[in-house]
Amino acid sequence: MKPVALLGILGLAIACAQSPAPQNNSAPDLAALEQTAQMRHAEWESLAKDVDARMARILPCDPRTAAALADVTRASEARLAAIAQYIRAVSSAAFAESAAAKILLDTEEKRAVEAGLERADAGQEQTAVDTQSDALARSVKQRASLGDSQKLLEQISSMIHQRAAASEQRTKAADAAVALLRDLVAKLDARDATLRNESAAFEAERTRWSGYYAARRARAQVECSITQIGTSPSKGSQGKQ
């Protein structure tokens, strides 16, 4: 069996770990877990490479056969445990990151709604003031005493125009932020789904590796039993001696 799939899973976990996660003093050290997983994989690979060659030079019942299988089995279990721990830590950080992004999206969506309502209010005020300004301008032509009122209304209109322009900018900024966050959340959800699938695939392969070494040990025991058949001296031959 070759560890191709496990290497792919480990690579995916490393890639997911590259994205920034929320700061948490109690969070596991992903870099340390990654290094441990790589070390355990190298240790197992070194033993697994020559285990067949080691066993080929000794008889099935030789204690060194069982020792060789025990060594590589322990290395395999340590490797799988280290990778599992690393994947769990990466998954936890990734899911926390996704949750934080969704909270931020919810906040920005509410802010966008508020900005839209504010823009609508400012637009209504602007329309009302413009209407009043037009009416007052027509009245000023008939009554010069309304000139001061017209100037005051023009100042108010200018302020409302500025407020409406500011509301428009805030609305555009909020809408842009919401669009970006929705895109980010969608990508994070897709990443999390892939990570869950790869984690499930890893657990399945982990089970297969455990079964593989159990089968190797069982085969060694069968080979030992076969080679022992007929090797023990019979009681009759012992009596003749």
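Quick check: anything in region 23-34 of a type in the set (Gly, Ala, Ser), surrounded by fewer than 13 Cβ atoms within 10 Å (Cβ to Cβ) and at pLDDT below 80? If you could, list the steps in order and put the result at the bottom.
To start, the set of residues in region 23-34 that are of a type in the set (Gly, Ala, Ser) comprises 26-27, 31-32.
Of the ones still in play, those that are also surrounded by fewer than 13 Cβ atoms within 10 Å (Cβ to Cβ) are 26, 31-32.
From what is left, the residues that are at pLDDT below 80 are 26.
Yes, some residue in region 23-34 is of a type in the set (Gly, Ala, Ser), surrounded by fewer than 13 Cβ atoms within 10 Å (Cβ to Cβ) and at pLDDT below 80.
Residue pairs whose Cβ atoms lie under 6 Å apart, separated by 6 or more positions or on different chains, with the first residue in region 49-68 and surrounded by fewer than 12 Cβ atoms within 10 Å (Cβ to Cβ) and the second modelled with pLDDT under 85, do not occur.
The sole residue among 55, 39 that is assigned to a helix (DSSP H, G or I) and at pLDDT below 90 is 55.
The values are calculated or read from the model by the stated rules, or taken from the named source; none is laboratory data. Note that the structure is predicted; figures quoted are calculated from it, not measured. Every residue, glycine as well, gets a Cβ built from its backbone with ideal geometry; the counts of neighbours run over all protein chains shown.
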